[in-house]
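Working notes, structure below.
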Amino acid sequence: MSRWKPVVFVVLALGFLIAGQSFLLHTGLELHPDSIRRWVDAQGWLAPAIFVAMLACRQFLLIPSGIILSVGGLVFGAAGGTVLGGVGLLLSGLLTFAFARGIGGDWARAHLAAKFPKLERRLSTAGPMLVWTATAYPAGPMTAVLWASACSSMRMMPLFLAVATGSLIRAFAFSLFGSSLVDVGSPGFWAAVVLLGTALLVPALHPGLRRWIFRAEA
């Protein structure tokens, strides 16, 4: 079974990708917040569950998390969008990690430990913090970092905690911005824009954080 495990996960990933694109074609959804908002809002009492499912499968829909999270704030408000968005991002992160480890993570982890033991140990210890940073930072490469972490011996519980806590921060930033779109141009709207802009720019300007990320990547 271990020999066929990567093949099984590749086939599953392709199946999910085809299903996701077929869903977009069937519903007529476009990569625009207003298009997604109108469709989600029309689902009635199922809207929260459908929103979480869309966010969890966003990698197969090929929709950036920021667009969906902003829609969550617009439809469910800042608080509701944060909770639902955090759950959806957590499921998305765990799904991405599972597929990455199933497709080639076991093979990569074994070769990494054999050839670069110091690097593998660093990924195992500093990896959860890197995953948290990439998840919490609104423009962080969450998917790429999760794929990389699947190639290390990172345990599931530290990964779960990193994604769960980081997801709430990212979801809050975009949900607050999305909720302000109800009244574009209002003081609340500009406050949300400034807050989101600050969350995007200030961490990237911090030299210590840049050195830490580059050292971890190296």
* Structure fact -> Listed by chain and number, the residues whose amide H is under 5 Å from that of residue 137, excluding neighbours fewer than 5 places away on the same chain and using placed H, are none
* Structure fact -> Full extension between residue 79 and residue 161 adds, at 0.36 nm per residue less the Cα distance, a length in nm of 27.5 nm
* Structure fact -> Applied in sequence order to the stretch 54-69, the curve 6.51 cos²θ - 1.76 cosθ + 1.60 (Karplus, θ = phi - 60°) yields integer Hz couplings, x standing for Gly and Pro, of 5, 5, 5, 9, 4, 5, 8, 7, 6, 10, x, 4, x, 5, 5, 5
* Label-point separation in nm, residue 16 to residue 144, each point 7 Å along Cα→Cβ -> 2.0 nm
* To do: Mind giving me the FRET efficiency for residue 31 and residue 153? R0 is 30 Å, r the Cβ-Cβ distance, nearest 0.05 is fine.
  => 0.25
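Values in this text are rule-based calculations from the coordinates and carry no lab data. This one's a predicted model, so the numbers in the text were calculated from it and none came from an experiment. Neighbour counts are summed over all protein chains in view; Cβ atoms, including those assigned to glycine, are modelled from backbone coordinates with ideal geometry.
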